[in-house]
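Scroll down for the structure; my scribbles are underneath it.
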Amino acid sequence: MLQIEISKRADGAGVLRCTREDGSVTWQKQMKHGAHFALHDLTHYAVETALGYRRGFFGLIAEGWEVEDTTGKGVRGPLPAEAVEVERIVGLFDSERGSGVLWTLEEFNQFSPRLLTAEDIREVRSLRGALFQQWSGLASGERVELNFKPASAE
């Protein structure tokens, strides 16, 4: 289990803090493009949870990776293939959000590294929408608190 907190700063940016089961912590103050990264991190949570990923961003953090290692340039080396896949799918949802238009299933699957179903997209959008609504309702200094449990190995 991983406890995730994203605190809202006065400028709309966030501070990400993740506490692992063993009590160890990794965190990141999101300065440049901070408002984007709070939404990006919430999208990661929605994608990893709804689609059942074990080793996306939050799964790696739960395993003991530090936030800076998840760039693939840290001491742990390149990202596992699953984490790269998750990042690409999160990027698609970020691009959809940026476009202001809901993409069709075909538009997602044109670029997705894995075939998504209409139900997959619905589940991610639903969870992400609830998280975005929660985030937008926060005052400066308040935080979203989430628990992430990576999916079981098949």
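See the values below:
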quantity: Peptide ranges 77-83, 6-12 listed from the most packed, as the mean C-beta count within 10 angstrom indicates; calculated: 6-12, 77-83
quantity: Separation in nanometres of the label points that stand 7 Å from Cα toward Cβ, at K73 and W27; calculated: 2.4
quantity: The chain, accessible surface, carbon-and-sulfur percent (1.4 angstrom probe); calculated: 51
quantity: Relative contact order [Cα under 8 Å, 6+ residues apart], the chain, whole percent; calculated: 34
quantity: Simple spin-label estimate for A130 and N109 in nanometres, 7 Å along Cα-Cβ; calculated: 2.7
quantity: Length released on extending from V101 to R122, taking residue separation times 0.36 nm less the Cα-Cα span; calculated: 6.1 nm
quantity: Protection proxy ranking, peptides 95-104, 121-130, average beta carbon neighbours within 10 Å, highest first; calculated: 121-130, 95-104
quantity: Lysine pairs in the chain with Cα atoms under 22 Å, if 8 or more residues apart or on separate chains; calculated: 4
quantity: Distance (nanometres) between label positions extended 7 Å along Cα→Cβ at A139 and R88; calculated: 4.4
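The values are calculated or read from the model by the stated rules, or taken from the named source; none is laboratory data. This one's a predicted model, so the numbers in the text were calculated from it and none came from an experiment. Please note: Cβ atoms are built from the backbone with ideal geometry, for glycine as well, and neighbour counts cover all protein chains shown. Areas reflect the complete protein model, heavy atoms only, side chains present, ligands, DNA and RNA absent. Shrake-Rupley method; radii C 1.70, N 1.55, O 1.52, S 1.80 Å.
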